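Report on the following structure.
The values are calculated or read from the model by the stated rules, or taken from the named source; none is laboratory data. The structure displayed is predicted, hence computed values, not measured ones. When we count neighbours, we look across all protein chains shown, and the Cβ atoms used for this are built from the backbone with ideal geometry, even at glycine. With ligands, DNA and RNA removed, areas are computed over all heavy atoms of the protein, side chains included. Shrake-Rupley method; radii C 1.70, N 1.55, O 1.52, S 1.80 Å.
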Amino acid sequence: RFQDGNAGACAVVCHVDGNNLTTAWAGDCRAILGKSTFLTPLTGAMKTDELTEDHQIATNPKEKERLIREHPGEMDVIYRSRVKGRLEPTRAFGDGKYKSNKFFNLFPRLVQRYRETGWTAPYVTAEPETSERTLNKSHKFLVLACDGLFEDLTSAQVVDGVQEFLNASPDAKQGHNAATWLTKKALTAAAASSGLGGEAPGLLDYFVRLPQGRNRRRLHDDITVQVVFFDHEGTYPPQDPSLEAIKEPEILWRYRRAMAASAKRGGGSEAISISIPQSKL
């Protein structure tokens, strides 16, 4: 049970009540609003409104100050812009060894490693931060995603990517929804930065077939993304998922087919790192 508590996860959740949007997050997941301006009809560009602020030492001075304040004199509480030189997010669920020494003591090598400098948990907390917004007709969509989406894309590029999807031709959208469109953009950007070539044929299949492990993580992190469109004009038909099965995007069933073929060859199964379908609100 203690071993299970040492796994960690970040989270973000948004709650809409009428025109009020409340966001809570712990870690480096993000929630982003795409907002139209008076120039949007002319330029197509939208404004990016970040509802969250990453809980990371390198980008969030408040979190850095909190750790230093709570652990005075502990010289390695921040090292390499990580908690004790190891963990990047400063808020998370789980990650028990950063919250209690009873979890930390399960790892003899870590106990030996920090014997001189000390380990004075808790360092990390699951307490969320919150933000509030009042929605209006200029707010067109909301993106919620984990940090894997933002390794090679900025928040503004994510908003541009949703707008790009909305303006794409039916042929270009074939097999995609807004979430899988963003996932492909992130993987393409990761491939370009790694030197594999951003638009190489079969690149996406290559990425999703990579086995879990260090080689995969060197190229890209896991990606989970959800896109919510606001139906201000009441143009969407009523949604009842119980009436029919939700059609899976082509990018996902291609992956599942590839994994099934790999399993038949003795290759085993892998955890999917592609997005969940978009929602309509």
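Scoring Gly5 on the criteria (1) open to solvent by less than 30 Å² (accessible area, probe 1.4 Å); (2) modelled with pLDDT of 95 or more leaves a single failure, condition (2). Restricting the search to helices (runs of 4 or more DSSP H) fully inside region 60-165 and requiring at least 2 residues that are basic (Lys, Arg) gives 61-70, 108-113. Scanning region 156-176 for residues that are crowded, with 20+ Cβ neighbours inside 10 Å and not β-branched (Val, Ile, Thr) returns Gly161, Phe165. The residue pairs whose first member lies in region 67-84 and is free of Cβ contacts under 8 Å to residues at least 12 places away in the same chain, whose second member is part of a loop (DSSP other than H, G, I, E, B) and open to solvent by less than 80 Å² (accessible area, probe 1.4 Å), and whose beta carbons are closer than 7 Å, counting only pairs six or more residues apart or on different chains, are Ile68/Val77; Tyr79/Gly85.
With respect to the stated conditions, Thr23 fails to be outside any helix (DSSP H, G or I) and open to solvent by 30 Å² or more (accessible area, probe 1.4 Å). Which is open to solvent by 30 Å² or more (accessible area, probe 1.4 Å) and β-branched (Val, Ile, Thr), of Thr59, Thr52? Sole residue among the options that is open to solvent by 30 Å² or more (accessible area, probe 1.4 Å) and β-branched (Val, Ile, Thr): Thr59. Go through region 218-236 residue by residue and tally those that are under 15 Å from the mean Cα position of the chain (by Cα) and in a loop (DSSP other than H, G, I, E, B). Residues that pass the stated criteria total 5. Counting only residues that are open to solvent by 30 Å² or more (accessible area, probe 1.4 Å) and either touching an Asp or Glu at 6+ places or on another chain (Cβ under 7 Å) or modelled with pLDDT of 95 or more (or both), region 114-125 holds 4 of them.
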